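What follows is a short report on a single structure.
The values are calculated or read from the model by the stated rules, or taken from the named source; none is laboratory data. All figures in this text were calculated on a predicted structure; none of them were measured in a lab. Backbone-built Cβ (ideal geometry, glycine too); neighbour counts: all protein chains shown. Each accessible area value is taken on the protein alone, full model and side chains, heavy atoms only, with ligands, DNA and RNA left out. Shrake-Rupley method; radii C 1.70, N 1.55, O 1.52, S 1.80 Å.
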Amino acid sequence: MNTIIAFILMFGLLVFVHEFGHFIFAKRAGMLVREFAIGFGPKIFSNKKNETLYTIRLLPIGGYVRVAGEDPEIIELKPGQHIGLEFNPGGTVSKIIVNNKSKHPDARVIEVEHADLDHRLIIEGYEIDEEEKLSFSIDPKAGFVMDEVETQIAPYDRQFASKTKLQRAMQLFAGPMMNFLLAAVIFFLLGMLNGVPADRAIIGNVVSDSPAEEAGFQNGDEVIRIGDTSISTWEEFTEIVRAHPEEELDMTVERDNEQVDVQVVPKSNVAQDQEIGQIGVQAATEKSVLKAIPYSINQTYEWIKLILVNLSMLVTGQFSLDMLSGPVGIYDATDQVVQTGMLNLLMWTSALSINLGIINLLPLPALDGGRLLFVGIEAVRGKPIDPQKEGVVHFIGFALLMLLMIVVTWNDIQRLFL
């Protein structure tokens, strides 16, 4: 049960933060946000506030923010069509009823000759059996009712395509950006709760049955010299130890204001196909707001770099597709992390947040990176790509991503039972 709760909260947080980035930047740019959704598939909860429908959906495999004009608008009136109109107190059209007009007895029925719901916001036509041509102004927030489902119209200045390339790019980039920001905030909290590794080569913990314990190291020792080399930082200390596996090192440590000489032989270990030395010590930590801030930024950068390296290895074939994990694999890993404590769960959440941000920035159709690519192509060629063609590309890309998700999930399930 703890794992289920942790997974739901973690997944919900990651998706919410990502989609909130898209949402808030769309709002700031004046776009009409039709829906803010967590998950895909059938709705299990919905609530409409102001212009936006907020939903939680059944399948926990992502989320989306639906912005007017980001996909082709389905609101359209054709000449000869009979529609019903309702009006607000100011005399402008507040509701356009396409069918089932009998359910709206107050609606004024007309035959459309011309309609512009994007720019001029007018409807021209005739009342039934009348010859006088009429013109009606449409409220910018008028509702379009079809099959008793009402959708707010989106004048062109509220649509995604009407905004500048910078505004559109920022709206698309905002989701991954918020994931990186979330990771940095979590690392900051970890730095405050768990402490930040000290700059100096101060030993915070000596691992049992390690070369360091055998050599007589103690918690609080500060390494000040290795051989003839003075040591002032933890990085300098670890660099020398890693470079000398199975070689005796003469070290001088400061302990209780006294200098003590110790000899230690780093144990050989293999990391990233390279032999390194380790003596079994951990750096001391200190709790400081001023140090937690750069620590959070540095940790976020290091994780971004690590994930990018792993992605490049996947592309070059050094990693196989079988090594990828989907929701099932993430749940299984979360189960193992939950058992190790809250701090490790926070670390896992920040790593997943960075991973989500990077994956969404890949230049693949249907992802944020794919949409950013189309904005970049538009900037280069000086005009946008046909929206219908772009929509087809993203639809195909989404279908392929869903297929990949199915394959990865199947691999996860097989691993669970092997």
Among all residue pairs at least 6 apart or on different chains, which show Cβ distances below 8 Å where the first residue, located in segment 87-103, is free of Cβ contacts under 8 Å to residues at least 40 places away in the same chain and the second is in a loop (DSSP other than H, G, I, E, B) and surrounded by 12 or more Cβ atoms within 10 Å (Cβ to Cβ)? K101/A107
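Kindly indicate whether D199 is at pLDDT below 90, within 30 Å of E246 (Cβ to Cβ) and acidic (D, E).
Yes.
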Which strands (runs of 3 or more DSSP E) sit wholly inside segment 44-114 and have at least 1 residues that are over 30 Å from the mean Cα position of the chain (by Cα) and surrounded by 12 or more Cβ atoms within 10 Å (Cβ to Cβ)? 82-87, 93-97
Of all residues in segment 205-214, count the ones that are surrounded by fewer than 17 Cβ atoms within 10 Å (Cβ to Cβ) and part of a helix (DSSP H, G or I). 2
Residue satisfying all of: in segment 252-290; under 19 Å from E222 (Cβ atoms), among the aliphatic types (A, V, I, L, M) and touching a helix residue (DSSP H, G or I) at 6+ places or on another chain (Cβ under 8 Å); surrounded by the fewest Cβ atoms within 10 Å (Cβ to Cβ) among these: V262
Please name all residue pairs, on different chains or six or more residues apart, with Cβ atoms under 7 Å, provided the first residue is in segment 30-43 and is modelled with pLDDT under 90 and the second residue is among the acidic types (D, E) and open to solvent by 10 Å² or more (accessible area, probe 1.4 Å). none
